[in-house]
Amino acid sequence: MVEEALRKRAEELRRLIQYHNYRYHVLDSPIISDYEYDQLMRELQELEAAHPELITPDSPTQRVGGEPAEGFVRVRHPQPILSLSNAFDTEEVRAWFERVRKLDERVEQATFVVEPKLDGLTVVLHYEKGLFTLGATRGDGEYGEDITANLRTVQSLPLRIPVEPQAADVPSRLVVRGEGLIFRRDFDELNRKLAQAGERTYVNPRNTAAGSLRQLDPRITAQRPIRLFCYAIVDAEGLTVRTQWETLQYLRRLGFPVAQEVAYCDDLEQAIQVAQELEEKRDELPYELDGAVIKINQLDLVEALGVVGKDPRGAIAYKFPAQVVTTRLEDIGVNVGRTGVITPYAVLEPVEVGGVTIRQATLHNFDYIQEKDIRIGDRVMIKRAGDVIPYVIGPVVGARTGAEQPYTPPDRCPSCGEPLERIEGEVAVYCVNSGCPAQLVRNLEHFASRAAMDIEGMGIKIAEALVREGLVEDLADLYALSKDDLLKLEAFADKKAENLLASIAASKERSLARLINGLGIRGVGETVAGLLAERFADLDALADASREELEAIEGIGPEIATAVVDWFAQPRNRRMLAKLRAAEVWPKGGRTEPERVAQTLAGLTFVLTGTLPNLARQEARRLIESHGGKVTGSVSGKTDYLVVGESPGSKLQKARELGVREIDEAGLLDLIERGRSGGES
């Protein structure tokens, strides 16, 4: 007999799945994500597989919905299989058009074709005298892998063309580019079958399609529901097609599958409109896509425009925003930053977004929680775009049961217990206790970082241990540490202790700019620290500077000037400076020749919002401008990047409405380091 608890769980799962089917298919108002639905279905499948007597006729699970190779052979493509450059909003699409228009005046009169940007595996199909003879992956664009045996198992791939006799003339040699993919419903069915069989299920259709087509055993590929869409002629002998639209129609006549959503457009604005309409109905399509491809229709013009890097100038991929999923908000936690900013974050029931499992997401600030009426226990919508930290969009109000609890922000620091303060005109809440343990840990980590005193081996774990054991009460105490002190800490042996002490001693030789940066003064990062070190002889001179003197330095505004004066006015900080002097950590400043920097941000426009962890607003502006970028005060369609810090303001919402790319401070520094990224495959 099956335990009563298992029987009740099976009944509950069937009820939940049927309810969510009704919400999705009948009301068109789902309150859970596909991922959560699949988890419920998987649990029921596993339960029924283990206990077949639990299966009922009305169970959702009862719906009907060659030899292995030793290795892949590399094959050379007859023409380069190029990638595409990306545009993340309509203004970038128009900017692409303006660039190519300047190269060839015929672009002004061009027509366009819009195609779905399919999310699968690119394949290259070879036909000789109408017979399929070779199929390969894209590989590096020049060479791919021979997967002919696997592709023969794909039912939608024609093994002989034309499929209908006399449907079209066939060149003696034809090479076609397409995409192997799995439809959403087929993917779900595949996972259900795998789960019922007790086998590993898959995360997303794209990776499943790619992995299935690259199996060494074609019998495994044959068991996967791979489909094919074709969209380009790579090479042909004795065939001339003049336009991309003609190409698509010709492929259809031969019997190749072509996506129904392709569209011919008279001009760029119509193409943009079609792409936006495709975005709006992306969830209604039977397959996943991550954008729309806008192509110049005239193939001779495309060839004349040529290629930049590996990207043809005659086409661009208009990328859609990241998908949204829902999950349960289990709790709201708070972080204490090194400048004392208190930032809330969401503790989530784990959920997958774009192949990554998310357990935490930012809630921006306490005002955001109140404005969105986000409650603990809510089902919330989560979005992850690019490399930006996942964030909570808001609650799914229709899923509320009444058990959700409104959130009350803390009025005291969770680390030191001191009252929190809000500076007038800011949304951020601060702990102003300079002795706060959480701030001290972060300050120690920053002080030891490469941009500051560069103390090798001094990470956050060691900083936490030093504070926890009471070995340091401020930054200067690092220079009073002994070997015996360090040996008291877990995982410290003689050699490790000696190495850390040697690194601390070596840091005494760092420049004044590095030391100023390491002090953790609010708004003073690497660039501003350099300005101060050029102007003042040492920390004594800087400590005696007035607000007026500081504001007179180009690149330093009133906020930073006030922060510097206030920091040096605190008795605790004065005592720390005295200890630094006694430890002979007292470098001298002076003017140096300005460093010439690469203009890696040339042509890019940035907007700043929120408090960055290391860069003050003026410092970030100066850094961007020094590398050729432009900083404006408001978000518009011409904005390339929004740099997002803690407690962002209304600019964030505006940026999301316009589809402006978001990056954090680390993303900005990475962009400066590598310049503009190229296209993607």
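If you add up the charges near Ala480, with Lys and Arg at +1 and Asp and Glu at -1, over every other residue whose beta carbon is less than 11 angstrom from its beta carbon, what do you get? Cβ neighbours under 11 Å give a net charge of -3. Residue pairs exceeding 19 angstrom between C-alpha atoms, taken from Lys295/Lys383; Lys372/Lys651; Lys117/Lys651: Lys295/Lys383; Lys117/Lys651. Scanning residues 5 or more positions from Ser647 or on other chains, those with amide H under 5 Å from its amide H are Thr611, with H placed 1.01 Å from N in the peptide plane.
Using Cβ point charges alone (K and R +1, D and E -1), the dipole size of region 63-154 about the Cα centre works out to roughly 220 debye. All other residues whose Cβ lies under 15 angstrom from that of Lys508 are scored, Lys and Arg at +1 and Asp and Glu at -1, for a net of -1.
Here is the list for region 181-239: trypsin sites (Lys or Arg not before Pro) lying in DSSP coil, each with at most 11 other C-beta atoms within 10 angstrom of its C-beta, are Arg200.
Residues whose amide H falls under 5 Å from that of Glu352, counting only those 5 or more places apart or on a different chain, are Ile358, with hydrogens built in the peptide plane. In whole percents, the pair-distance distribution calculated for region 324-406 from its alpha-carbon pairs, binned every 5 Å from zero, is 3, 16, 28, 24, 17, 8, 3, 0. When DSSP assigns beta bridges and you keep just the ones with both residues in region 605-674, what percent turn out antiparallel, to the nearest 5? Here the antiparallel bridges make up roughly 10 percent for region 605-674. Seen from Arg177, the other residues with C-beta closer than 13 Å to its C-beta sum to a net charge of -1, counting Lys and Arg as +1 and Asp and Glu as -1. Using DSSP to define loop residues, name the trypsin sites (Lys or Arg not before Pro) in region 414-483 whose beta-carbon has at most 10 other beta-carbon atoms within 10 Å. Answer in residue order: Arg450. When Leu305, Leu481 are sorted by how many other C-beta atoms sit within 10 angstrom of their C-beta, beginning with the fewest, the order is Leu481, Leu305.
At q = 0.13, 0.18 Å⁻¹, what is the base-10 log of I(q)/I(0) for region 86-319 according to the Debye formula with one equal point scatterer per Cα and no solvent? Please give it to two decimals. Relative scattering, expressed as log10 I(q)/I(0), comes to -0.83, -1.42. Remark on the chain: Cys230, Cys265 stand apart, with no other cysteine beta carbon under 4.7 Å. For percent of Cα pairs over 40 Å apart, computed directly from the structure shown, the correct entry in (1) 38; (2) 47; (3) 60 is (2). Using 0.36 nm per residue and subtracting the Cα-Cα separation, the extra length available between Ala505 and Glu371 on full extension is 43.2 nm. Sequence-ordered 3J(HN,Hα) estimates for region 497-507 from the Karplus curve with 6.51, -1.76 and 1.60 and θ = phi - 60° stand at 5, 5, 5, 5, 5, 5, 5, 5, 5, 5, 5 Hz, glycine and proline given as x.
Here the Karplus relation 6.51 cos²θ - 1.76 cosθ + 1.60, evaluated at θ = phi - 60°, turns the backbone of region 339-351 into coupling constants of 8, x, 5, 9, 10, x, 9, 8, 9, 10, 5, x, 8 Hz, with x for every Gly and Pro. In order along region 598-612, phi translates into HN-Hα couplings of 5, 8, 6, 9, 4, x, 9, 10, 10, 10, 10, 8, x, 9, 6 Hz, rounded to whole numbers, per the Karplus curve 6.51 cos²θ - 1.76 cosθ + 1.60 with θ = phi - 60° and x for Gly and Pro. Each residue in Glu548, Glu279, Glu498 was given a count of other beta-carbon atoms within 10 angstrom of its own, and listing them fewest first yields Glu548, Glu498, Glu279. Of interest is the spacing of the C-alpha centroids, which for region 498-561 and region 423-470 amounts to 17 Å. Applying D = kT/(6 pi eta Rh) to region 437-582, where Rh is the Kirkwood radius over alpha-carbon pairs, T corresponds to 25 °C and eta to 0.890 mPa s, the Stokes-Einstein value obtained is 155 µm²/s.
Between amide H atoms placed 1.01 Å from N, distances below 5 Å from Val163 occur with Gly255, all of them 5 or more places distant or on a separate chain.
Helix-only arithmetic for the chain: the sum of -39500 (n - 2.57) across DSSP H runs with n ≥ 4, divided by the residue total, places the mean residue ellipticity at 222 nm at -10000 deg cm²/dmol.
For region 135-228, GluC sites (Glu not before Pro) meeting the loop criterion (DSSP other than H, G, I, E, B) and having at most 12 other Cβ atoms within 10 Å: Glu199.
Bear in mind that the values in this text are calculations on the coordinates, not laboratory data. Since the structure is predicted, the reported quantities are computational estimates derived from the model, not experimental observations. When we count neighbours, we look across all protein chains shown, and the Cβ atoms used for this are built from the backbone with ideal geometry, even at glycine.
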